[in-house]
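Visitor: My questions all concern the structure below.
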Amino acid sequence: MSKLDFDGTRVDVDAGILRDLGRKVLREIGCTPETAASVSNHLVETSLAGVESHGVMRLLQYVDQFRSGYMSAGAVPTAMETRSGVWEIDGGGGIGIPAMELAIEKAVLATRQSGLVAVAVRHCGHTGRIGAYVERGADAGCLTICVGGGGRHNWRQVAPYGGSRAILPTNPYALAMPGGNHGPVVLDFATSIIAGGWIYAAKNAGALLPEGCLIDRDGHPSRDPDAYFNGGAILPMGGPKGYALGLIAELIGEAMLGPSTTEMNWLILCLDTKMFKEQSALHATAEEILAEIRTCPPAPGFDSVQVPGERERAAKAKSNAVAIPEPTWNDLQALAQQLGCA
């Protein structure tokens with residue numbers, strides 16, 4: 001599932017070892033025990049799911065951001081219900097993973113009362129893999145939608161369709177719907193053709209990126225991650241479609257939710273599907289639809305037709321170890337040694 005063109009050695013590291021390393025590193029950098037455990041577990045689960053761009057290699061980036069003051073290590077997110085009935089989550093300038101976990105917890109509980117709830121998440125740093133949060137909502141029987149945007153002043157990453165300069169962030173969307181026998185259907189995508197995390201992963205591993213993802217500062221195609229860091233840009237997913245989705249997310253994040261601080265603002269919508277259909281009936285119909293999709297004959301070059309979200313769950317069930325590029329694993333170990341928690 002990796003998008004890296006990496007010919008080097010990978011090291012299989014047990015998930016328990018990685019969780020322990022992550023907790024220790026984050027505690028040493030000043031995170032609370034709860035935040036350290038939350039972030040470390042999220043990163044390892046993401047790596048086990050095969051989403052390398054948002055997995056354990058992000059620990060290196062997070063530590064740099066804590067050290068620089070971009071994120072506050074000791075921050076604890078808070079929640080407040082407004083008079084209009086929506087929830088506001090304030091990340092306190094810390095990492096966004098605990099803030100998003102709090103947001104989805106409040107969203108799911110609130111739908112039990114009102115059936116439909118909106119949650120705004122502000123003032124936090126990187127939120128990890130947002131598909132994990134909407135999947136949690138779908139597991140609770142809710143159609144769950146998450147959109148992030150508003151960070152263009154600090155995160156100019158993606159060129160608009162037809163443009164040659166980075167202006168928009170990668171502005172991701174995630175949607176999850178209760179599914180059939182194999183769990184929820186989960187969509188999680190950047191509005192750029194590739195998530196920014198893959199560029200960091202490629203640079204850290206000394207790898208190249210697929211064709212058609214990047215342009216350099218002069219607007220020429222490149223596979224070298226350094227082209228991005230030296231003034232280049234990521235291209236929008238699906239040309240004008242990804243550009244349009246990214247632009248709408250930016251309007252939601254800044255024009256509607258206000259000026260973003262730290263990274264970007266987030267909107268989560270959670271709808272209890274029981275408002276429309278009893279859960280077992282929805283499950284049965286969903287399985288009928290998904291089973292038919294899976295029986296579609298695969299096109300040349302494909303082994304099967306997959307349902308979004310099932311590949312990640314299958315990857316987690318397959319192994320309890322993460323295959324990390326050796327340069328990345330060396331950097332993680334060196335970081336732990338530097339902090340005195342190896």
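Visitor: Please return the ranges of helices (runs of 4 or more DSSP H) entirely within segment 218-322 where 3 or more residues are under 20 Å from the mean Cα position of the chain (by Cα) and on the phi < 0 side of the Ramachandran plot. Show your work before the answer.
Guide: Values: elements: 225-229, 240-250, 279-294, 310-318.
Fully inside segment 218-322 and qualifying: 240-250, 310-318.
Visitor: Sticking with this structure for a sec: When segment 263-320 is examined, which residues are found to be acidic (Asp, Glu), more than 30 Å from HIS123 (Cα to Cα) and touching a strand residue (DSSP E or B) at 6+ places or on another chain (Cβ under 8 Å)?
Guide: Initially, segment 263-320 is screened for residues acidic (Asp, Glu), giving 263, 272, 278, 287-288, 292, 303, 310, 312.
Adding the requirement that they be more than 30 Å from HIS123 (Cα to Cα) leaves 278, 287-288, 292, 303, 310.
Residues satisfying the conditions are GLU287, GLU288, GLU310.
Visitor: Let me ask another. Scan segment 167-190 for residues that are assigned to a loop (DSSP other than H, G, I, E, B) and open to solvent by 10 Å² or more (accessible area, probe 1.4 Å) and report the count.
Guide: Within segment 167-190, the first condition is being assigned to a loop (DSSP other than H, G, I, E, B), and the residues that meet it are 167, 169-172, 181-182, 190.
So of that shortlist, the ones also open to solvent by 10 Å² or more (accessible area, probe 1.4 Å) come out as 167, 170, 172, 181-182, 190.
Final tally of qualifying residues: 6.
Visitor: Another question, then. Answer yes or no as to whether ALA291 is over 20 Å from ASP188 (Cβ atoms) and out of contact with any Gly (no Cβ under 8 Å at 6 or more places or on another chain). Quick ask: steps written out before the conclusion?
Guide: On the way: over 20 Å from ASP188 (Cβ atoms): yes; out of contact with any Gly (no Cβ under 8 Å at 6 or more places or on another chain): no.
Here the answer is no, as ALA291 does not meet what is asked.
Every residue, every condition in (1) in contact with a Leu (Cβ under 8 Å, 6 or more places away or on another chain); (2) of a type in the set (D, E, K, R); (3) assigned to a loop (DSSP other than H, G, I, E, B), yes or no:
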site: ALA37; (1), (2), (3): no, no, no
site: SER47; (1), (2), (3): yes, no, no
site: VAL56; (1), (2), (3): yes, no, yes
site: SER72; (1), (2), (3): no, no, yes
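Visitor: Would you call GLN61 open to solvent by 40 Å² or more (accessible area, probe 1.4 Å) and not in a loop (DSSP other than H, G, I, E, B)? Step through it out loud before you land on a result.
Guide: Details: open to solvent by 40 Å² or more (accessible area, probe 1.4 Å): no; not in a loop (DSSP other than H, G, I, E, B): yes.
So GLN61 does not fit the description; no.
Visitor: Collect the residues in segment 108-151 that are touching a Gly at 6+ places or on another chain (Cβ under 9 Å), of a type in the set (Lys, Arg) and within 29 Å of LEU48 (Cβ to Cβ), keeping them in residue-number order.
Guide: The one that is touching a Gly at 6+ places or on another chain (Cβ under 9 Å), of a type in the set (Lys, Arg) and within 29 Å of LEU48 (Cβ to Cβ): ARG129.
Visitor: Of everything in segment 5-32, what is open to solvent by 70 Å² or more (accessible area, probe 1.4 Å) and assigned to a helix (DSSP H, G or I)? Give them in sequence order.
Guide: ILE17, ARG23, LYS24, ARG27, GLU28
The values are calculated or read from the model by the stated rules, or taken from the named source; none is laboratory data. Quantities reported herein were computed from a predicted structural model and do not represent experimental measurements. Heads up, the Cβs are rebuilt from the backbone with ideal geometry, glycines too, and the neighbour counts pull from every protein chain shown. Side chains included, ligands, DNA and RNA excluded: accessible areas come from the protein's heavy atoms. Shrake-Rupley method; radii C 1.70, N 1.55, O 1.52, S 1.80 Å.
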